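Below you'll find the structure, written out as structure tokens, and then a few comments.
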2 protein chains.
Amino acid sequence: MVQKKGIGKSQRQTPTIREVARVAGVGVMTVSRVINDHPAVKPKTKKKVLTAIQQLGYERNEAAGLLKGQRAMMIGLIVPDLSDIFFAHCANTIEKLARESGYLTLIVSSGHDVELETQQAELMARRKLSGLLLVTSGTLDVNRIQRVIEGGLPIVAFDRPLEGLGTDAVLIENRAGAEEAVEHLISHGHKRIACVGFDSEAYPVAERVKGYRSAMSAHGLRPYLSMKVDCLEAAMNWVDSARLKQDAPTAVFSTNYRTTVHLLRAFSERKVKIPSEVAIIGFDDFELAPVIAPPVTTVGQSAVDLARRAFRLLLDRIEITGSDVGRSPEKILLPATLIVRESCGAHPRSKKTAEPV
Amino acid sequence: MVQKKGIGKSQRQTPTIREVARVAGVGVMTVSRVINDHPAVKPKTKKKVLTAIQQLGYERNEAAGLLKGQRAMMIGLIVPDLSDIFFAHCANTIEKLARESGYLTLIVSSGHDVELETQQAELMARRKLSGLLLVTSGTLDVNRIQRVIEGGLPIVAFDRPLEGLGTDAVLIENRAGAEEAVEHLISHGHKRIACVGFDSEAYPVAERVKGYRSAMSAHGLRPYLSMKVDCLEAAMNWVDSARLKQDAPTAVFSTNYRTTVHLLRAFSERKVKIPSEVAIIGFDDFELAPVIAPPVTTVGQSAVDLARRAFRLLLDRIEITGSDVGRSPEKILLPATLIVRESCGAHPRSKKTAEPV
DNA sequence: TTGAAAGCGCTAACAA
DNA sequence: TTGTTAGCGCTTTCAA
């Protein structure tokens, strides 16, 4: 796991603490104290050392500390897909906050591979990272993750809980958000409302489906699920088959951005008018939602808030001392907000000022 | 730069190579050889060692290698803004490729801060990373970067060159792409074509503006630049003022995604019809470009290709041995492709099948 | 207030 | 084929 020989050709050798000590005419320990701002050093001595450090261009070797059992000033971030704009925003926020606290951020985009996520978490533990922010793609091996945590790597889950493990977690109120969206459609008189999406095992989607179901059943409406629409082709097929039905849906609740986009495109290809022929609300707000014709009504969640809270929690865990070590895990719930535009058939009077991502 | 004491409470102590040696009844060096797949170990001995490793749950301590002068199996990636979908795609691709080659990826989103970029590059050098992929936001301090490279951190620039430094670089043909777009507009009979954008100092934008200028002057047309449109408000102002003009532009070439989006929205707010009242082509393709009404004509560039080539170059540099060390820097140019849809006033017959990002 | 010595876990160099 | 020794650069004793 470490490169065979990293020595280039003329690797300018960085001076060590020992050389600084020699030049300053003091012991290595004194230099160490100066570097670490230990108070018990006479100002005069300190100055000598500082001068020597300056003169030699000394730089602390991070590796040595690690060997002494310290942790790298790095945090890890594992997400299912970094090219997903939502996670990209999360990553951007986390990296910034981490940097401001002196940490570098190691990012892994797992491609929804649960095994990979576990492996990378283990790898990060071995690299002595300070902490890990984790968005899982499914259920991880509890034992392995438990061992990682016990090995001293604090973990905070966000967007999805870490099942079976009592870790801190920051989650979105997916269910309530979905309920609100479906209720909204119902309040417009829709009775045949389809729920379309894919990847229904994924926690956020599963929660949204639950919200859909509960809203429907609360009004005695029959659910109409279709959870395999993840590309344009699937969307076209779905649109075509749905229109043929006797009781074709008059509205659709899309459980995620990707599905929303493809559905929109499919409707457009088939010249189905939105919202007159079919109304649509999509979970996940997106930048262009207000620009599209018609502007699409969405359920928005703030990636920035989510990331911020998660990082805050992790930092607390990392910096925890003494009595707080065993602090019981915190769960934070963040709202999802219905952003009413036009695709749902409503007049565009936002319940909340539209604020994407 | 290393955390003060990373020791939690019941930190399960990982066994060392020495303990493995004791349990296996061999010398430490033999264990080391086994770990590193050195051939000169009798299969029987090897087996004994492997058993002991298994039994103890031994894990190699990465820090020790660093101290011996090896490099961490990590690469760095510095981009101006990770929440920019283009860079998010780049990051996603790079992280994946890196992981497949055994590297972790440290990502920094600089927020277009040149000083920060330099600092982080230096920090990465100190952390003994294996290599660095860099998208600069401006002109970095050549000396400091030079020192980083000499310190043994190979750097490959992409999307923008590293000015004043002979590093490898992978770039997009921004200028040619812009020229093609403007030529296209001209071929539709447009004469008053505005070039709108912001951040004209940024390399890619600057190149695109050059392309615009050269296409215009090639046809004896007067350029009409407006390089401060970076938000909806600015876009509205621009649209309003442009319409008042005597010779209002009949077409606009937008130099970047953000401007394109806000312009689109501003035109929509002002009920300006596209393309009949004004035609538009935007540099940077985006996922929803075909969905918007009307579908927008763009100049697309492949983030994946860009990232892939850049990583390949970096890996070559990292793995370089002996005679190739001083290999002269490579420059790779990747095409930008005009994707004709409808906002430019053309019939939607793509010169190339639309393939976003 | 300062310093010398003893490692942290590993591998390169040498011996056997 | 295997093992011993001597560090890598730093910090933690403990002593001065």
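Just so it is clear, none of the values below were taken in a lab; they were calculated from the coordinates. Computed from a prediction, not measured in an experiment: that's the story for all the values here. No Cβ is skipped: glycine too gets one built from the backbone with ideal geometry, and neighbour counts run over all protein chains shown.
Structure data summary
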item: Residue of B:I35, B:I292, B:I280 that the Gaussian network model of chain B assigns the largest fluctuation, springs spanning Cα pairs under 10 Å; result: B:I35
item: GluC sites (Glu not before Pro) within region B:99-206: DSSP coil, no more than 11 neighbouring Cβ in 10 Å; result: B:E201
item: Built amide H within the under 5 Å cut-off of B:E173, gap 5+; result: B:L334, B:A336
item: Contact order normalised by residue count of region B:174-301, Cα under 8 Å, 6+ apart, percent; result: 26 percent
item: FRET efficiency for A:S214 and B:L50, using Cβ-Cβ distance with R0 set to 56 Å, rounded to 0.05; result: 0.55
item: Nearest 10 degrees, 0 to 90: helix B:203-218 Cα axis against chain B principal axis; result: 30 degrees
item: DSSP loop trypsin sites (Lys or Arg not before Pro) with at most 14 other Cβ within 10 Å: longest gap in chain A; result: A:69-244
item: For region A:9-66: relative contact order, % (alpha-carbon pairs under 8 angstrom, 6 or more apart); result: 42 percent
item: CD proxy at 222 nm, helix term only [per DSSP H run n ≥ 4: -39500 (n - 2.57); per residue of chain B; nearest 500]; result: -13000 deg cm²/dmol
item: Label spacing, shortest first and in nm, from B:E201 to its equivalents in the remaining copies (7 angstrom along Cα→Cβ); result: 5.1
item: Between 0 and 90°, nearest 10: helix B:257-269 axis offset from chain B longest Cα axis; result: 40 degrees
item: Neighbour cut-off at most 14 other Cβ (10 Å), DSSP loop, chymotrypsin sites (Phe, Trp or Tyr not before Pro), region A:190-264; result: none
item: Sorted by Cβ neighbour density within 10 Å, fewest at the top, the residues B:V252, B:V114; result: B:V114, B:V252
item: Summed residue charge, Cβ within 12 Å of B:T118's Cβ, Lys/Arg positive, Asp/Glu negative; result: -3
item: Anisotropy class of region B:174-301 from Cα gyration tensor, a/c 1.5 cut; result: rounded
item: Most positive-pole-ward Cα, B:P43, B:A346, B:T105, against dipole of chain B from beta carbon charges; result: B:P43
item: Rounded to 10°, Cα long-axis angle of helix A:114-126 versus longest principal axis of chain A; result: 20 degrees
